[in-house]
1. In nm, what is the difference between 0.36 nm times the number of residues separating Glu182 and Ile90 and their Cα-Cα distance?
2. What does the extension gain come out to for Phe81 and Phe119, with contour length at 0.36 nm per residue minus their alpha carbon separation?
3. Around Asp313, with a cut-off of 11 angstrom between Cβ atoms, what is the net charge of the other residues, counting Lys and Arg +1 and Asp and Glu -1?
4. Can you check how the C-alpha radius of gyration of segment 135-238 compares to 2.2 N^0.38 Å, as a plain ratio?
5. What does the charge add up to near Leu137, with Lys and Arg as +1, Asp and Glu as -1, over the other residues with Cβ less than 11 Å from its Cβ?
6. Can you give the net charge of the other residues whose Cβ lies under 11 Å from the Cβ of Leu264, counting K and R as +1 and D and E as -1?
Amino acid sequence: MVIVSLCVFTFSIFYFRGEEGAANAETAAIEQMETAGGQIEELVENPGTVPEAVSQGGGELEELVIGLVGVGLMSGLAILFIIPLAFRGIARIRRAGRKKRDAPSLFTIWHPNDEAIAFLQRVEALPVEVFPKWSLLKGSRTGAILWGVRAAIWTPIVGLLIAIGAEFGTNDDGEYLTPLIEDISDMGATIAAIGLVAAPLIFGAVYVIYRAIVAVMLEFAMRGYLNSVVGNALKGLAMGRDGDNRIGEVSERSHYYGCEEKVLDGDLADRMRVASHEATRLLFEKYRASLFSVGVTEDNAVAELAEDAMTWDSLIHTTYFDQPEVAEMIAEKISSEVKNKRAGLETEMPQAAG
C-alpha cells in the first residue's frame, strides 16, 4: 500500500501541471499517505491483526492460487496424454537415423536399370532453385510502391487525427488543460503539414527503405534457406511423401534394416531390358500421332497413356513378377524362412518338455 501511495503521489505531481490541478493532486496524495500510515501504525501496534484491505487481498490471492492449481492439474493431465504420442512420433520420424541393424531382415531384389530407383535418385540430386538470384529484390518492387503510397496517404491523416484528438483536452475557454496536450496538438499539426507538403519525399523514403530491407534480409540472408525449404518440399512431393517423414538418400537397400539382396544380372537382366525397350517402342508408336499432332489436345492421350497396360509393360520396375526366375527366388526365400522357423520350434519343444 505504501508503494502504491507513493506511485499515486508521483503520478499526480507530473500529470497535473496547473495550479488548481496540482492542489487537487497534492490533496489526493496526502489522503493516500494518511491511509497507508494508519495501516502501518495498526500493524505495529497489533502485530497479530491484519487490516481489512490486506485480508481482502489475501482472500483474492487464495482464490487466484486455487485457480492456478486447477489449471496446472488440467494441463498436467493433457501433457501426460500428449508426451507418449510425441515420443512415438519422434521415434517414427527419426527411425531412418538410427544405427543400422546387422542381422538381415529384408530380402531385396532389384535390377540395375530400375526406373523408379533411378528417377528418385535423379530427383534427389536435382538442384532446385525456386528463387533465382535477385528474384526477391525484383519482386519487391510492387510491395515497395504499395507501402510508399500508403505512407504518403496516411501520414497527413494520422497527423490530423492526433491534432483533432488533442482538441478534446481543452476547457470551456478553449485553453489546453496541460502543456503536454498543447505539445501533442502542435505535433499532430506538424505531421499533417509534412505529409501534405513532402508526400513525394515520404513515398521515396519508404520505397528505398522497403527495398533495402528486402535486399538485406531476404535476398542475402534468407534466399538460400528458402530455396532449401521449398526445394526439399517439391522433391518430397515428387518422391510421394504424404506425411511428416523426410524422404532422402535414396538407395537400393534399407538404411536401417539389414538386407539380403539379390541383384539381377546375366541373361535375366538382359531379357528384361530388351523386353522393356520393345514395349516402349510399341507404346510410343501407339500414341505418337495423338501426342504430336498440331492443333489437337493431348489431354485424352496422356490420360490413356497413364492407364494403358502397355505403359507398365514398358517399365522394368513393374515387370519383376513377370519373370519366372524372380518368382522362384521369392519362393525359395519363403520356403527357407518357413523351414528355419519350423526347425527352431522343433528345437524348443523338447527343451520345454524336459
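1. Here the answer is 27.0 nm.
2. My answer for the length gained is 9.5 nm.
3. Surrounding charge for Asp313 is -3.
4. 1.69
5. Taking every Cβ under 11 Å from that of Leu137, the sum is +4.
6. Value of the local net charge: -3.
No lab work stands behind these numbers, since they all come straight from the coordinates. Please read all numbers here as calculations on a predicted model, not as lab measurements. Cβ coordinates were reconstructed from backbone atoms using ideal geometry, including for glycine residues, and neighbour counts include every protein chain displayed.
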